[in-house]
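> The structure under discussion is supplied below as structure tokens; questions concerning it will follow.
The values are calculated or read from the model by the stated rules, or taken from the named source; none is laboratory data. This structure is a prediction, so every number in the text was calculated from the model and none was measured. Glycine also receives a Cβ, built like all others from the backbone with ideal geometry; neighbour counts cover every protein chain displayed. Note: areas computed on protein heavy atoms with side chains; ligands, DNA, RNA excluded. Shrake-Rupley method; radii C 1.70, N 1.55, O 1.52, S 1.80 Å.
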Amino acid sequence: MVGLGYIGLPTSALIAKNKIHVHGVDVNPKVVETINAGKIHIVEPELDEAVDNAVKQGYLRASIVPVEADVYLIVVPTPFKGKNEPDISFVQSATKTIIPLLKKGDLYIIESTSPIGTTEKMMDLIYQERPELKGELHIAYCPERVLPGNVMHELVYNDRVIGGVNDESTNKAVNFYRQFIKGDLYKTNARTAEMCKLVENSSRDVQIAFANELSLICDKAGINVWELIELANKHPRVNILQPGCGVGGHCIAVDPYFIVADYPMESQIIGKAREINNYKSFWCAEKVKTIKLEFELKQGRKPSIALMGLAFKPNIDDLRESPAKYIVQKVLQNANNEEYYIVEPNIDSHTVFKLTNYKEAIDKADIIVFLVAHKEFKELEIPQEKEILDFCGIIKK
Ligand SMILES: NC(=O)c1ccc[n+]([C@@H]2O[C@H](COP(=O)([O-])OP(=O)(O)OC[C@H]3O[C@@H](n4cnc5c(N)ncnc54)[C@H](O)[C@@H]3O)[C@@H](O)[C@H]2O)c1
């Protein structure tokens, strides 16, 4: 297992639990050291026990350099470079480290979210360096679709899409996963499997963009978007999602760019959805600016403002690519002696923002801006006199 992060480590622990020897490889010596001590470096329920057991029973160990194996899984990051271009250099360098170890009959699988054609590119790279192995290896792509926080369960029970560079590779990979996955395993080719992962997240992004676009139209038209969507969803074949203050996280807000970067002319809706969801965050920040000025004009004094939520989605502590965090940053950039109360009930402290308890913030603020639909906010009693900007459907006003 090359790459022992949020996906590679739980997968290693699961395979090891099925009494298959796993050798984990990671370039980070701290990660290797932690795992070999039976401990974990990431937060994921039930993972600590699974890793501890796997290490104690001798089915999992880790090192910085790879060792010879029968199956190689590549689970390293695939970030951006430049202007939303996917960077497959981690997959490339991880692959290079195992090329000298490959032997006839081995199975090589990429799990990292990857642009279309990456598996074929890695196959070419492998056969360039080891021409004697041409046609003798099994090479496949199998994307991961687990939900952080429920990884240990979903790893076993989610259905998986598995695509080889040829039928033999697909079958070999399916047989491998069947040893530890209870969900259905769907066979396809490598390009379709790569695209499938990207499409799943793009589909969510496009659907959220539709809801966000409606929220912009409704704001101008004087219509309550929450009521509108509820009514439209009474249609038996309509299911519009809820708008929010943008789209965040490291999957939905990222993966669509992997398609747009390679197919800019063809991926009109996918590209536009990214723009709409990004614009929605900018628009929310502008709305805060407007309500602030209106308050000052009306009341003859600066308002105090509660900014409710920093996480990228409700009830988690993850701020990666968070639209709420972006809005808070933007609002603070435009600050002009107003008092701000920044709230995130899922974290204790933040390196940049001074956090306030959510009840205290509601109590003290003149204007309350709901950015994330955390469960705590839904239970609040909000005094009549407060001005409210509800971007995420807390009170549906
Ligand atoms: N985290 C998720 O929820 C999730 C879900 C679906 C898909 N994915 C995809 O899975 C892939 C891995 O994501 P993650 O969240 O596990 O990443 P991560 O950053 O948590 O872990 C990746 C690990 O790979 C190591 N690494 C980097 N280069 C290496 C190399 N050349 N050799 C060995 N180790 C190397 C890093 O040190 C790190 O520990 C990404 O493509 C991601 O998009 C992630």
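> Which residue, chosen from THR356, SER63, SER114, occupies the Cα position most advanced towards the positive end of the dipole of the chain, where the dipole is computed from +1 (Lys, Arg) and -1 (Asp, Glu) charges on Cβ about the Cα centre?
My answer, from the dipole projection, is SER114.
> Relative to the longest principal axis of the chain, what angle (0 to 90°, nearest 10) does the C-alpha long axis of helix 118-129 take?
That works out to roughly 30 degrees.
> In addition: Roughly speaking, to the nearest percent, how much of the range 222-390's 1.4 Å accessible area is carbon and sulfur?
It is 49 percent, rounded to a whole number.
> For the range 200-322, how big is the tail of P(r) above 21 Å, as a whole percent of Cα pairs?
50
> Using +1 on the beta carbon of Lys and Arg, -1 on that of Asp and Glu, and nothing else charged, what's the dipole of the chain about the Cα centre, debye to 20?
The dipole of the chain has a size of about 220 debye.
> Let me check I've understood the local charge: for PRO100, count other residues with C-beta under 10 angstrom from its C-beta, Lys and Arg +1, Asp and Glu -1. What total comes out?
0
> Let me ask something else. Longest span of the chain, sites excluded, free of GluC sites (Glu not before Pro) in DSSP loop with at most 16 other C-beta atoms within 10 Å?
137-265
> Can you give me the Cα centroid spacing of the range 165-205 and the range 74-98 in angstrom?
Answer, in whole Å: 20.
> Suppose the chain between ASP124 and GLU286 were pulled fully straight at 0.36 nm per residue; how much longer would it get relative to their current alpha carbon spacing?
53.4 nm is the gain from fully extending ASP124 to GLU286.
> Another question, if that's okay. With the dipole of the range 222-390 worked out from charges on the C-beta (+1 for Lys and Arg, -1 for Asp and Glu) around the Cα centre, which of VAL369, ALA253, ILE223 lies farthest toward the positive end?
Comparing the listed Cα positions along the dipole, ILE223 ranks first.
> Which percent, nearest 5, of DSSP beta bridges in the chain are antiparallel?
Roughly 10 percent of the beta bridges in the chain run antiparallel, per DSSP.
> Could you work out the relative contact order of the range 8-183, using alpha carbon pairs under 8 angstrom and six or more residues apart, expressed as a whole percent?
In percent, rounded to a whole number, it is 19.
> Which residues in the range 147-173 place their backbone N less than 17 Å from a point set 7 Å from the Cα of LYS187 along the Cα-to-Cβ direction?
Answer for the range 147-173: 160-173.
> How high is the relative contact order of the chain, in percent, with contacts defined as C-alpha pairs under 8 Å that are six or more residues apart?
About 11 percent, as a whole number.
> On to the next question. Restricting to bridges with both residues inside the range 66-185, how much of the DSSP beta-bridge set is antiparallel, in percent to the nearest 5?
So the antiparallel bridges amount to about 30 percent of the total.
> With 32 Å as the limit, write out which pairs from LYS81/LYS220; LYS272/LYS325; LYS298/LYS354; LYS354/LYS386 have Cα-Cα distances beyond it, or answer none.
LYS81/LYS220
> In the chain, with Lys and Arg counted as +1 and Asp and Glu as -1 at Cβ, which of these residues, MET265, ASN36, ALA190, has the Cα nearest the positive end of the dipole, that is, farthest along it?
Going by the charge dipole, the pick is MET265.
> Right, next: Taking the chain as the reference, fit the longest principal axis to its C-alpha atoms, fit the long axis of helix 323-333 to the helix C-alpha atoms, and give the angle between the two in degrees, 0 to 90, nearest 10.
Helix 323-333 sits roughly 50 degrees off the main axis of the chain.
> When the helices in the chain are scored as -39500 (n - 2.57) per DSSP H run of 4 or longer and the sum is shared across all residues, what 222 nm value do you end up with, to the nearest 500 deg cm²/dmol?
Helices in the chain give a 222 nm mean residue ellipticity of -13500 deg cm²/dmol.
> At 20 °C and 1.002 mPa s, what whole-number value in µm²/s does Stokes-Einstein give for the translational diffusion of the range 222-390, with Rh from the Kirkwood sum over Cα pairs?
123
> Which of the three applies to the range 8-183, rounded, prolate or oblate, going by the alpha-carbon gyration tensor with a ≥ b ≥ c and a/c under 1.5 meaning rounded?
Note, shape of the range 8-183 comes out rounded.
> Quick one: divide the alpha-carbon radius of gyration of the chain by 2.2 N^0.38 Å and tell me what you get.
1.13
> Distance in nm between label sites at CYS196 and THR351, each 7 Å beyond Cα in the beta-carbon direction?
3.8
> Give, as ranges by residue number, the residues of the range 234-259 whose backbone N falls under 19 Å from the point 7 Å along Cα→Cβ of SER89.
Backbone N within reach: 258.
> For a Förster distance of 35 Å, can you work out the FRET efficiency between the beta-carbons of GLN242 and LYS134, rounded to the nearest 0.05?
0.10
> Considering Cα pairs under 8 angstrom that are at least six residues apart, work out the relative contact order of the range 128-177 and quote it in whole percent.
Value for the range 128-177: 41 percent.
> Just how large is the dipole of the range 228-345 about the Cα centre, in debye to the nearest 20, putting +1 at every Lys and Arg Cβ and -1 at every Asp and Glu Cβ?
The dipole of the range 228-345 has a size of about 400 debye.
> Over the chain, with the other protein chains present, what is the accessible area per residue in square angstrom, probe 1.4 angstrom?
I get 50 Å² per residue for this part.
> Can you list the trypsin sites (Lys or Arg not before Pro) in the range 6-63 that are in a DSSP coil and have 16 or fewer other beta carbons within 10 angstrom?
LYS19, LYS39
> While we're on this one: Trypsin sites (Lys or Arg not before Pro), restricted to the range 214-309: which are DSSP loop and have at most 14 other Cβ atoms within 10 Å?
Answer in residue order: LYS234, ARG237, ARG301.
> Another one. Can you give the angle from 0 to 90° between the axis of helix 89-98 and the longest principal axis of the chain, with both taken from C-alpha atoms, to the nearest 10?
20
> Explain nothing, just the number: dipole magnitude of the range 282-394 about its Cα centre with +1 on each Lys and Arg Cβ and -1 on each Asp and Glu Cβ, in debye rounded to the nearest 20.
Rounded to the nearest 20 debye, it is 300 debye.
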